[in-house]
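Below: one structure, written as structure tokens.
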Amino acid sequence: MAANSFMVPLGTPAPAFDLTAIDGGSVSLGDLEGSPATLVIFLSNHCPYVRRIEDGLAALAKDYGARLSIVAICSNDSVTYPDDDPTHLAEQAARAGFTFPYLLDDTQEVAKAFRAACTPDFFLYDGRLRLAYRGEFDGARPGNHMPVTGVSLRAAIDAVLAGEPVPQDQRPSIGCGIKWRPGNEPA
């Protein structure tokens with residue numbers, strides 16, 4: 001079932017995290033400090049909304065990866081959704097050509113801290129790790145014929161990298177709701 005992002009208030013500080021990557025390493029928020037911009041993306045392997053844009057997301061990372069920090073996080077319950085286990089996420093990263101760390105949020109506490117609601121869900125932070133953009137990648141959705149360009153997110157990244165404010169009129173991301181473990185749903 002499709003869900004929209006919660007549209008966390010702009011200016012919100014990035015929540016701290018320290019997560020294991022699918023390759024066995026780990027990444028923390030502290031590892032990303034000092035970057036002029038940081039993009040945190042909540043993804044999954046099984047979601048058709050993610051699959052629709054994953055090649056475009058890899059292209060965005062190729063175009064901007066040297067100028068900002070990018071990490072992806074999967075918070076889905078991989079027991080109920082085994083396509084989102086580490087092996088399948090590694091297959092997705094290889095298939096799509098992801099060049100950024102893909103992290104596992106097994107406790108789902110990081111998704112709660114970010115107020116992530118869906119996959120994909122995008123959180124772009126400025127150099128002070130304050131939220132500058134939360135919204136859609138672009139207008140491409142499963143079943144429509146809009147090109148996957150990342151135009152919405154690219155415009156936000158360009159503004160942050162130029163030190164300019166990102167327009168506050170931002171469209172929420174839409175995707176598959178995060179698959180919470182029973183009893184773990186956010187309040």
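The values are calculated or read from the model by the stated rules, or taken from the named source; none is laboratory data. Note that the structure is a prediction, hence the values are computed from the model and not measured. Virtual Cβ from ideal backbone geometry, glycine too; neighbours counted across all protein chains shown. These area figures cover heavy atoms from the full protein model, side chains too; ligands, DNA and RNA do not enter into them. Shrake-Rupley method; radii C 1.70, N 1.55, O 1.52, S 1.80 Å.
Quick notes on this structure:
- Charge sum, other residues only, whose C-beta stays under 13 Å from Gly143's C-beta, Lys/Arg counted +1 and Asp/Glu -1: +3
- Tail beyond 19 Å, pair distance distribution of the range 9-93 (Cα, percent): 45 percent
- Low-density loop cleavage sites - chymotrypsin sites (Phe, Trp or Tyr not before Pro) in the range 5-69, where at most 16 other Cβ are within 10 Å (DSSP): Phe6
- Annotation: amide H-H contacts under 5 Å for Ile73 (H modelled 1.01 Å from N, sequence separation of 5 or more, or interchain): Ile41, Phe42, Leu43, Leu103.
- Judged by a Cβ-Cβ distance under 4.7 Å, the unpaired cysteines of the chain are Cys74, Cys118.
- Distance from the range 133-182 to the range 64-120 (C-alpha centre basis), Å: 16 Å
- Counted charge near Pro186, where neighbours are those whose Cβ lies closer than 10 Å (Asp, Glu -1; Lys, Arg +1): +1
- For the range 160-165, Karplus couplings with θ = phi - 60° (6.51, -1.76, 1.60), whole Hz, Gly/Pro x: 4, 5, 8, x, 9, x
- Shown in residue order for the range 107-122 are the 3J(HN,Hα) couplings computed by the Karplus curve 6.51 cos²θ - 1.76 cosθ + 1.60 at θ = phi - 60°: 7, 6, 5, 5, 4, 5, 5, 7, 6, 5, 10, 8, 10, x, 9, 10 Hz (x for Gly and Pro).
- Taking the chain and dividing mean pair separation by its residue count, relative contact order in percent (alpha carbons under 8 Å, at least six apart): 33 percent
- Residue-normalised accessible area of the range 58-187, expressed per residue, 1.4 Å probe, Å²: 45 Å²
- Amide hydrogen neighbours beyond the local backbone of Ala116, cut-off 5 Å, H modeled: none
- Quotient of C-alpha Rg and 2.2 N^0.38 Å, computed over the range 123-187: 1.36
- Label-to-label distance, Arg181 versus Ala16, with points set 7 angstrom from Cα along the beta-carbon direction: 2.2 nm.
- Taking the 1.4 Å solvent-accessible surface of the chain as the whole, the part contributed by carbon and sulfur is 53%.
- Fraction in percent of alpha-carbon pairs per bin - 10 Å, the chain: 10, 41, 40, 9, 0
- Taking amide H positions as modeled 1.01 Å from N, with prolines and chain starts lacking one, the residues under 5 Å from Ser26 and 5 or more places away or on another chain are Ala21.
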